[in-house]
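For reference, the structure discussed in these notes is given below.
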Amino acid sequence: GDSVTQMEGPVTLSEEAFLTINCTYTATGYPSLFWYVQYPGEGLQLLLKATKADDKGSNKGFEATYRKETTSFHLEKGSVQVSDSAVYFCALSDSQGGSEKLVFGKGTKLTVNP
Amino acid sequence: GAVVSQHPSWVICKSGTSVKIECRSLDFQATTMFWYRQFPKQSLMLMATSNEGSKATYEQGVEKDKFLINHASLTLSTLTVTSAHPEDSSFYICSARAFPNYGYTFGSGTRLTVV
């Protein structure tokens, strides 16, 4: 079945450091890929998405490129801020796989220190 | 933008009682709603998928008699945890989407504590 493997955390960085959170996937069809962010005690917010190979999703300084050849969708940000501290989830939706549900990775907790 | 309201945001109940959690799409009609459970420091586990007017589809291992899901209208789905026990304590999150290939919008979650 479809699955998402995400870099284990927690990740602790200093403000203005470069961030990479790795994400790879397996899917039977041609999935759409997502990054969601969860702040403490809250639900999930869509951070960015990509629906086909070589697409780049971007938002709030975060970027991720859909790499079909490596089945990856790594999240990057050039300069993190304290306000970026949260849990980040990589996810896929594979409608051609017969289901429209989202499959999530285990999440990576990011802490950014001043 | 699309907004999903989930209520209550937290609830404490006694063992053996039932608790209902509501999920409402405020500015769109949700043809499909999803219910997730999140354990501490873990990912979201999909419990069930519900389509308006039809029975929910439960994931393997989820007790349908314990977690009752109703999707009676295009803007409301409810999850009822029946005869709750301490092991049901968790963070429950709903998600809704208007159409296939449309975006998923998440509620803010409900923290359930069973004492």
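The values are calculated or read from the model by the stated rules, or taken from the named source; none is laboratory data. Keep in mind it's a predicted model, so treat the numbers as computed, not measured. Note that we place each Cβ from the backbone using ideal geometry, even for glycine, and neighbour counts take in every protein chain shown.
Quick notes
- For the range A:57-114, filtering for residues that are more than 14 Å from chain B (Cβ to nearest Cβ), β-branched (Val, Ile, Thr) and under 16 Å from A:Thr12 (Cα atoms) leaves 3.
- Test: residue in the range A:51-69 that is free of Cβ contacts under 8 Å to residues at least 40 places away in the same chain and aliphatic (A, V, I, L, M): yes
- The range A:40-54, residues that are more than 14 Å from chain B (Cβ to nearest Cβ) and crowded, with 17+ Cβ neighbours inside 10 Å: none
- Residue ranges of strands (runs of 3 or more DSSP E) in the range B:1-69 with at least 3 members of a type outside the set (A, V, I, L, M) and under 27 Å from A:Lys106 (Cα atoms): B:4-7, B:19-25, B:32-38, B:44-51
- Of all residues in the range B:98-112 being more than 7 Å from every other protein chain (Cβ to nearest Cβ) and assigned to a strand (DSSP E or B), the one that is modelled with the lowest pLDDT: B:Thr105
- Of all residues in the range B:59-115, those that are in contact with a helix residue (DSSP H, G or I) (Cβ under 9 Å, 6 or more places away or on another chain) and buried (at least 17 other Cβ atoms within 10 Å of the Cβ) total 4.
- Among the numbered conditions (1) exposed (fewer than 13 other Cβ atoms within 10 Å of the Cβ); (2) out of contact with any Asp or Glu (no Cβ under 8 Å at 6 or more places or on another chain); (3) under 30 Å from B:Leu112 (Cα atoms), the only one that A:Val82 does not meet is (2).
- Residues in the range A:26-79 that are under 21 Å from B:Thr105 (Cα atoms) and more than 13 Å from the chain's Cα centre (by Cα): A:Pro31, A:Tyr39, A:Pro40, A:Gly41, A:Glu42, A:Gly43, A:Thr51, A:Lys52, A:Lys60.
- Residue within the range A:91-101 that is surrounded by 19 or more Cβ atoms within 10 Å (Cβ to Cβ), of a type in the set (Asp, Glu) and outside any loop (DSSP other than H, G, I, E, B) present: no
- Selected residue (only one of B:Ser54, B:Ser18, B:Ser25 is more than 10 Å from every other protein chain (Cβ to nearest Cβ) and closer than 22 Å to B:Val115 by Cβ): B:Ser18
- Out of A:Ser14, A:Ser95, one residue alone is at pLDDT 95 or above and at negative phi. It is A:Ser14.
- Evaluation of B:Ser89 against (1) in contact with a Leu (Cβ under 7 Å, 6 or more places away or on another chain); (2) closer than 23 Å to A:Ala91 by Cβ; (3) among the small types (Gly, Ala, Ser); (4) without any contact (Cβ under 8 Å) to a residue 60 or more places away in the chain (one fails), failing number: (2)
- Residue ID - surrounded by the fewest Cβ atoms within 10 Å (Cβ to Cβ), chosen from residues in the range B:32-47 that are in contact with a Phe, Trp or Tyr (Cβ under 9 Å, 6 or more places away or on another chain) and at the interface with chain A (Cβ under 10 Å from one of its Cβ atoms): B:Met45
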